[in-house]
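Reviewing the structure listed below.
The values are calculated or read from the model by the stated rules, or taken from the named source; none is laboratory data. Bear in mind that the values here come from a model prediction, so they are computed numbers and not experimental data. Reconstructed Cβ throughout: ideal geometry from the backbone, glycine too, with neighbour counts over all protein chains shown.
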Amino acid sequence: MPQKLICMTEKELIRNDIIHDLINKKINGTDASKMIGVTIRQVKRMKAAVLKDGVKSLVHGNRGRESNRKLDINFLKKVEELLKEKYYDFGPTFAAEKLDEDDGLVIGKETIRTIMTELELWKPKPRKQSKGKWHTWRARKDNYGEMQQFDGSYHVWFGNIESCLLLSVDDATGKITHAKFDINESTVAVFKFWLEYFEKNGLPLFIYLDKFSTYKINHKNAVDNKDMITQFERAMNQVGVKPITAHSAEAKGRVERMNGTLQDRLVKELRLAGITNIEEANKFLEKYIPKFNAKFAVVPNRRKNLHKKMNKNTSEKLPQIFSIQNIRIVNNDYTVRFNNNYFQLDRIQTTTIYKKDKIIVEEHLDNEIKLRIREAYLNYKVLPKKPEKEINIKLPALTKQKQGSYKPPINHPWRKQFLYNKTKIKQETRIQK
């Protein structure tokens, strides 16, 4: 009768020697328990099993059997096909999620990791080595709406052209509070973003952002001259929101990491949806953000919402506040030059205007240009060409009424002296007669 070959591990071989020493009474049960590292009761079971079935009882019973969790070969082929066709640039975790959501195939992310590694669609990352430096994370704010981390991320989000994702993330919850695609991170684009944010959520207490030129004047003289502020800082100060500029990207790490996550996940979602322009991408974000927040947002320490409601006066002034404002001087001929255009002020105005007055030129987000002095808007017309130079203008000021047409009333102080003299002359004439 041929002998049956039994494969044993080194651990099982050691146990076999110990159990046989126990059977041969070279050691007792207590010694065997200590040597194997199990209880005395378990040692007795091992001894009984060896006496009954021999050495094979020390070998694990499932060795050589197929796992109960082994996946069907057809199922695995379908997963591999989808990974090659649709999810070739996905990470294992994200691929497992999309296979479940879009294709109805439930499979573990680690199994996907193994399959993608075998298909050379994923390269395992080496474990990061500690450099001996420990960084303490800044604690999150306690309440929702207390501080928003804001950033613009330039990336090829869809199609072949680079665009900018403007993104605000709540510091307390890690929730995306607003996101919008635009062509750049200009003042106009940022103004439109925050107007939509305020209408949607209200006013946060703080906005944490970087030192990009849209948000901060970085010239060395700006440190001493506090009046040197950007259009963004001026507007936020007027609505009552305090901007805070970070000295490094790590300082506002939550929004930076969120951008990294979206550059991986959102780009792939947009590709699967076949989106190629900004308008479609912004519509996609309206449905994508709630789903994203449900997966990744955290519970804040406190449940209070610190967003402030905008008062009526500020709300009415929003178009003025969120406009590009520049100061110009009224010329001697009552014209104002701005962006190589000449604006001729009308003779009749809502308030008095003198030569050399400083006025504010407002470029509104709808491209309308308004001229303002103090709180009054001025009437003007755009000249088709540069006006002829004229220094000595007889008109001293522009007022509410046309000059030369005003006649003071009978009781005006200017006329009292005239009436008094006229009456005196009449009385003297009567006395002489």
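Tabulated data
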read-out	value
Top-ranked residue of region 162-192 - restricted to ones that are in a helix (DSSP H, G or I) and not small (Gly, Ala, Ser), ranked as nearest to residue 265 (Cα to Cα)	190
Residues of region 76-107 satisfying the condition of being among the aromatic types (Phe, Trp, Tyr) and not in a helix (DSSP H, G or I)	87, 88, 90
First in region 229-250 and under 22 Å from residue 137 (Cα atoms), second anywhere and assigned to a helix (DSSP H, G or I), Cβ under 8 Å, 6 or more apart	243/232; 243/233; 243/236; 246/252; 249/256; 250/256
Residue satisfying condition, being part of a helix (DSSP H, G or I) and either over 30 Å from residue 186 (Cα atoms) or outside the structural domain of residue 196 (by TED's automatic domain parsing) (or both), within set 120, 110	110
Some residue of region 117-129 being of a type outside the set (Lys, Arg), within 30 Å of the chain's Cα centre (by Cα) and within 30 Å of residue 182 (Cβ to Cβ)	no
Hey, residue 302 of a type in the set (D, E, K, R), surrounded by 14 or more Cβ atoms within 10 Å (Cβ to Cβ), over 30 Å from residue 267 (Cα atoms) and at pLDDT 90 or above or not	no
